[in-house]
Every structure is written in C-alpha cells, then in structure tokens.
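Report on the structure given below.
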Amino acid sequence: MARRPIIAGNWKMNNTIAAGVKLINELKPLVADNKEVDVVACAPATCLSAIAEAAKGSNIAIGAENVHWEKSGAYTGEISTEMLNEIGVKYVVLGHSERRDYFGETDEGVNKRSRAAYAAGITPIICCGESLEIREAGTYIDHVVAQINAALEGFTAAEVAELVIAYEPIWAIGTGKTATFEQAEEVCKAIREAVAKKFDQAAADAIRIQYGGSVKPATIKDLMQQPNVDGALVGGASLKAADFSAIVNF
Ligand code: 13P
C-alpha cells in the first residue's frame, strides 16, 4: 500500500519571527517542485502566524509544537486548537520526548491533546521513543508500543488512519547518532503491527510513521527505503533551508 511520505521539521525553541520567515522564504523555491511529499514546518507559537503568512500558496504546511485539550480558560502558557486554526496551522507535534522529560508530559496528556487536535482538524504528529537505558535493557518495543497504545486510546480505526506517528529514539536525538535503518524499521514495523492489533489492518496500512533522530541529507534515502518508514521528523537539519530541502527532495 502506497503511503504519501511526510517530512516535517521540528524547529523546537529556535527561530524568531524574522528568522522563521527568512527560512520559509528560502525553503519555498527549494521544495516547490516536489509533488510527492507532504512538507511541514513545525515552529514555536510566536512565529506561527508570520510563517503561515509567508508559506501561503506554497506546498509547505505549518505545524505547532503544542496544543491544549480544553477549548479555552485558565491554562496559563497553553494554546488552544481555535488559536491554531485561526492561523491555519495543520499539524501539531505532541508527546515529544523533550516535552515528556523536561515538562512532565504524560501518556494521558498526549492522548487528550491528540484527540482535541484531531477533532479540530489539526493532524497530531504523535511522538514516541525509548531512552538509551530502555534500549539497552531490550524492552524498547514494549515501551514504544505502550506509549502508542495510550496515545491512541479513544480514537476510531478510521481516525487513526489519518494520524502521523514519529518514532524518535531519545539516544538518537541531537546526538548525531542516527539509528540504523534496521533499527528504525524494526520499531516502525512494530508500531504498525500494534495499530493493526488495537484497531484494524486498514488503519495500520494507512497511518504514516516517521523516524526522527539526527536525520540528515546523507541518511534520508536509505531510511525512506524501509517499508514501514513513511517520512522523517527532523530537528537540527530543519533549521537550514539547504539541508531540509535536500531531505524533502530525497
Ligand atoms: P534532531 O534531528 O536534531 O536529532 O532532532 C530530532 C527531533 O527531536 C525531532 O523532533
């Protein structure tokens, strides 16, 4: 079954408005001819509005890095789906290991945020991944599958078919240590099998699973050849137009 590749940049806490707009403007012509890949730039809240404006009419979709499950109210520091929809944001990165490790994000929170985003027409990019300790203990598949099962609680099979999952082994994030293609494929395959088990084969065949962790222009081609890897979530290399466009145009 052919799934449309999706390559997303996760800018994390980088880029002011001016820098973000400059990056989008540099990126636009470099990815304009690519009709085969969904291209996404996920950015800090402060520059979403400006980069959405800059990306108008291009094939770059804009994503956020967080969203709350409540519609509005006393949730200091949070952002609602209505606020993102007003800007035209189409995706949101949820459950990133940095949110989990530094800001107390839980499986339950990831589930609530994901369901609210989906219900509001914003596609969640749901992240999962194991620490080096869990990798070395050999329980990484159980760990990742448990994260995904929790994140997908309450979704229907038809809804799950439209979601995006990003497998990001924590030991490979920002370390220059990419997982081998076999390691990425092993876990992405296990995630797909878990989706088939919890939902159905159609949902498993349709859901798109990205790999993330030190993805670079030099590594993307082989990665994309893995049958269960449908794209990438790119951190550091998404901050340079030349590198990110080379990844998109693999
Ligand atoms: P790097 O590509 O910088 O390793 O970051 C990966 C990541 O965390 C993307 O969400």
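Each reported figure results from applying straightforward, stated rules to the coordinates on display, with no laboratory input. These numbers were taken from a predicted model, which means no experiment stands behind them. Note that each Cβ is placed from the backbone with ideal geometry, even for glycine, and that neighbours are counted across all protein chains shown.
The range 126-204 and the range 1-41 have their alpha-carbon centroids 23 Å apart.
The calculated FRET efficiency for the pair Asp101 and Ala2, based on their C-beta separation and a Förster distance of 35 Å, comes to about 0.50. Treating each Cα of the range 92-250 as an identical point scatterer and summing with the Debye formula, the log10 of I(q)/I(0) at q = 0.13, 0.21 Å⁻¹ comes to -0.56, -1.46. Cross-linked pairs Lys71/Lys240; Lys28/Lys221; Lys12/Lys56: Cα-Cα separations exceed 30 Å for Lys71/Lys240. The residues Met224, Met13, when put in order of fewest to most other Cβ atoms within 10 Å, stand as Met13, Met224. Electrostatic bookkeeping for Val37 treats Lys and Arg as +1 and Asp and Glu as -1; over the other residues with beta carbon under 12 Å from its beta carbon, the sum is 0. Remark: spin-label model distance Asn85-Ala146 equals 3.5 nm, labels positioned 7 Å along the Cα→Cβ axis.
Sort out the exposed loop GluC sites (Glu not before Pro) in the chain (DSSP loop, at most 16 other Cβ within 10 Å) and tell me the longest stretch that has none. Working shown, then result.
On the way: sites that count: Glu36, Glu70, Glu78, Glu153, Glu162.
Counting only loop sites that pass the neighbour cut-off, the longest clear stretch is 163-250.
Straight Cα distances below 22 angstrom link Lys198 to the lysines Lys112, Lys189, with same-chain residues fewer than 8 positions distant left out.
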